[in-house]
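Please read the structure below before turning to the comments.
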Amino acid sequence: MKKLIVSAVAALIIVMASVGIVQAQNDSGKKSVVYSSPENATFKQAPMGGVSMAAIWGDADKGAHATYTKFAPGYDAGMHTHPNDVWIVVIKGAYLYKDSDGEKRVGPGEFIRVPGGHKHWSGGDKTEGALFYEEGSGKFGLTPAK
């Protein structure tokens with residue numbers, strides 16, 4: 001079962017990375033292979049405490065992008081929206097998600113897409129936090145919601 005989960009995670013990351021590579025090529029005008037591993041990534045603390053990100057391609061401050069993102073154990077982002085669509089594939093731990101339709105625990109090998117402008121809550125597992133591949137269709141942003 002563990003091998004199946006690891007294989008599923010790898011397959012999802014490859015698919016998501018392929019989409020990202022195409023977007024990055026369109027943005028940069030040059031074709032190149034992008035390879036990245038979360039074990040070798042350089043994570044930087046994000047402005048919101050409890051979150052760190054490592055760029056894979058693109059620039060999250062400017063447009064379409066992909067990152068490895070970590071949520072610290074118990075991280076609580078509160079209710080918020082993003083200006084653009086966000087695609088997530090969990091690698092380790094669990095990404096916790098809640099909206100008006102209910103709650104989801106997104107674990108290793110699982111995928112969730114959050115449309116831009118959609119009001120939701122997210123956070124990290126209380127024990128493990130979360131490590132996930134995140135891809136955005138445009139600039140990353142987080143606007144607290146009431």
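The values are calculated or read from the model by the stated rules, or taken from the named source; none is laboratory data. Just so it is clear, the structure is predicted and the values come from calculations on it, not from any experiment. Using ideal geometry, Cβ is built from the backbone for each residue, glycine included, and neighbour counts are taken over all protein chains shown.
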Problem - Cβ pairs under 9 Å, 6+ apart, first in the stretch 53-76 and touching a residue at least 40 places away in the same chain (Cβ under 8 Å) and among the acidic types (Asp, Glu), second surrounded by 23 or more Cβ atoms within 10 Å (Cβ to Cβ) and in a strand (DSSP E or B) - result: Asp76/Ser122; Asp76/Gly124
Practice task
Identify, by number, the condition in (1) exposed (fewer than 15 other Cβ atoms within 10 Å of the Cβ); (2) part of a loop (DSSP other than H, G, I, E, B) that Arg113 doesn't meet.
Solution key: (2)
Practice task
Assess whether Ile112 counts as being in contact (Cβ under 8 Å) with a residue 60 or more places away in the chain and under 21 Å from Ile56 (Cα atoms).
Solution key: no
Exercise for the section: Would you mind stating whether Lys62 is among the basic types (Lys, Arg) and touching a strand residue (DSSP E or B) at 6+ places or on another chain (Cβ under 8 Å)? Expected result: no
Exercise for the section: Name, by its number, the condition in (1) over 10 Å from the mean Cα position of the chain (by Cα); (2) closer than 18 Å to Ala66 by Cα; (3) surrounded by 20 or more Cβ atoms within 10 Å (Cβ to Cβ) that does not hold for Gly138. Expected result: (3)
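For every residue, the table says whether it meets (1) at pLDDT 95 or above; (2) over 16 Å from the mean Cα position of the chain (by Cα).
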site: Leu4; (1), (2): no, yes
site: Ala10; (1), (2): no, no
site: Ser28; (1), (2): no, yes
site: Tyr35; (1), (2): no, yes
site: Ser52; (1), (2): yes, no
site: Thr67; (1), (2): yes, no
site: Ala77; (1), (2): yes, no
site: Val90; (1), (2): yes, no
site: Asp99; (1), (2): yes, yes
